[in-house]
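The values are calculated or read from the model by the stated rules, or taken from the named source; none is laboratory data. Just so it is clear, the model here is predicted, and its values are computed rather than measured. The area values use the complete protein model at the heavy-atom level, side chains included, leaving out ligands, DNA and RNA. Shrake-Rupley method; radii C 1.70, N 1.55, O 1.52, S 1.80 Å.
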Amino acid sequence: MREREFWELLEEVFGRSYGRSLALDQRMPKLANMTVLEALDAGEEPRVVWNVLCDHMEVPDSKRWGHDHNAPPLPAA
């Protein structure tokens, strides 16, 4: 997942205003209590940040990938 895709999903799943607010304000204990923006700036993989945010906000798998419902592939190890 590219960062551009992350922002598109954020807007699609949470809405533009609420999604941007979450990215700025919501702290996630699983990511060292960083916000979305801090985690991405620190180099965290966008797919990891997305999954942590969705888990934190209790977004079910059926809704977290937007209209296509296809999870992007895991990053290579």
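Of all the residues in the stretch 9-27, those that are of a type in the set (Asp, Glu) and more than 16 Å from Val59 (Cα to Cα) number 1.
Within the stretch 15-42, the residues that satisfy the criterion of being open to solvent by less than 60 Å² (accessible area, probe 1.4 Å) and not hydrophobic (A, V, I, L, M, F, W, C) are Gly15, Gly19, Ser21, Gln26, Thr35.
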